[in-house]
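K.L.:
Got a structure for you, written out below as structure tokens; questions coming shortly.
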Amino acid sequence: MDYNNHNVTPPPYYGNEASVKEQTNSVMKRVYVRMFIGLLVSAFCALGVASSPAMLSFFIGNQIVYWGMFIVMIAMAWILPARIQKMSTGAVIGCFILFSALMGASLAPIFLIYRIGSIVYTFFITAGTFGAMSVYGYFTKTDLTKIGSYLFMALIGLIIASVVNIFVKSSGFEWIISIAGVLIFVGLTAWDTQQVKRLAQVNLEPSLADKLATIGALNLYLDFINLFLYLLRIFGGNRN
């Protein structure tokens, strides 16, 4: 979620207020449309893999393929922002769609663990929570930079705690982790939205602005997916 990886310090936008607003709205529209497309791609891929025993065996049953997907996604999430200037607009969008497809395939097991009703119910809770925090991040006059720094530190702690619980296997600890995960990604949703808005307000070359819209969509997409997964742990129950 690092917006500084593109190594660009764009000059401030000196157009009139109407021009700034028009440019900001244009970029934000692309961000949300691409995020929505990414979520659709993930949903269809997850359903497709979950409904096919052969694909489920290949993507989930094969440990090499399963962990390979995660390694590729982590690499893409870090490398894509760093190489944004050297890639074409189409390549950036293509990588985002590929990332969404891989994420969808990795999420297929949730359809085997949770009831479809619980998944749909949690999805709408996630959408409402995400929407509210994104609106807050867009309209608030409060600078969320310091809050974002604290949230990143908390996120590192969350990752460490999750790894520890793999070995401890404490249901109580998992409940605490899930609640913490929800709070962290609720905050990151607002922070990421504010960062995207600020980038949309600077005077960027059109193709770079379009690429940054895709990176913004990726960051908000990740906030949504993680928020959904932590909420699903809390509200989803299971098939048993």
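The values are calculated or read from the model by the stated rules, or taken from the named source; none is laboratory data. Bear in mind that the values here come from a model prediction, so they are computed numbers and not experimental data. Cβ atoms come from the backbone with ideal geometry, glycine included; neighbour counts cover every protein chain shown. Please note that ligands, DNA and RNA were not included when accessible areas were found on the heavy atoms of the full protein model with its side chains. Shrake-Rupley method; radii C 1.70, N 1.55, O 1.52, S 1.80 Å.
K.L.:
Do we find a residue being within 21 Å of the chain's Cα centre (by Cα), within 18 Å of residue 224 (Cβ to Cβ), surrounded by 13 or more Cβ atoms within 10 Å (Cβ to Cβ) and polar (S, T, N, Q) anywhere in the range 153-163?
P.N.:
Within the range 153-163, not a single residue is within 21 Å of the chain's Cα centre (by Cα), within 18 Å of residue 224 (Cβ to Cβ), surrounded by 13 or more Cβ atoms within 10 Å (Cβ to Cβ) and polar (S, T, N, Q).
K.L.:
Quick check on the range 96-123: of everything there that is open to solvent by 40 Å² or more (accessible area, probe 1.4 Å) and under 16 Å from the mean Cα position of the chain (by Cα), which residue is farthest from residue 68 (Cα to Cα)?
P.N.:
123
K.L.:
Quick test for you: out of 71, 60, pick the one residue that is of a type in the set (Val, Ile, Thr), without any contact (Cβ under 8 Å) to a residue 60 or more places away in the chain and open to solvent by 70 Å² or more (accessible area, probe 1.4 Å).
P.N.:
Testing whether each residue is of a type in the set (Val, Ile, Thr), without any contact (Cβ under 8 Å) to a residue 60 or more places away in the chain and open to solvent by 70 Å² or more (accessible area, probe 1.4 Å) leaves just 71.
K.L.:
Test residue 179 against the stated conditions and say whether it is more than 19 Å from residue 137 (Cβ to Cβ) and touching a residue at least 40 places away in the same chain (Cβ under 8 Å).
P.N.:
Considered against the rule, which asks whether it is more than 19 Å from residue 137 (Cβ to Cβ) and touching a residue at least 40 places away in the same chain (Cβ under 8 Å), residue 179 comes out as yes.
K.L.:
Checking residue 197 against (1) modelled with pLDDT of 95 or more; (2) closer than 23 Å to residue 36 by Cβ, which test does it fail?
P.N.:
Among (1) modelled with pLDDT of 95 or more; (2) closer than 23 Å to residue 36 by Cβ, residue 197 violates only (1).
K.L.:
With the structure loaded, tell me whether residue 212 is open to solvent by less than 30 Å² (accessible area, probe 1.4 Å), assigned to a helix (DSSP H, G or I), over 29 Å from residue 111 (Cα atoms) and touching a residue at least 12 places away in the same chain (Cβ under 8 Å) or whether it fails that test.
P.N.:
In short, yes.
K.L.:
Just for the range 79-89: of the residues that are touching a residue at least 24 places away in the same chain (Cβ under 8 Å) and part of a helix (DSSP H, G or I), which one is most open to solvent (accessible area, probe 1.4 Å)?
P.N.:
The residue in question is 85.
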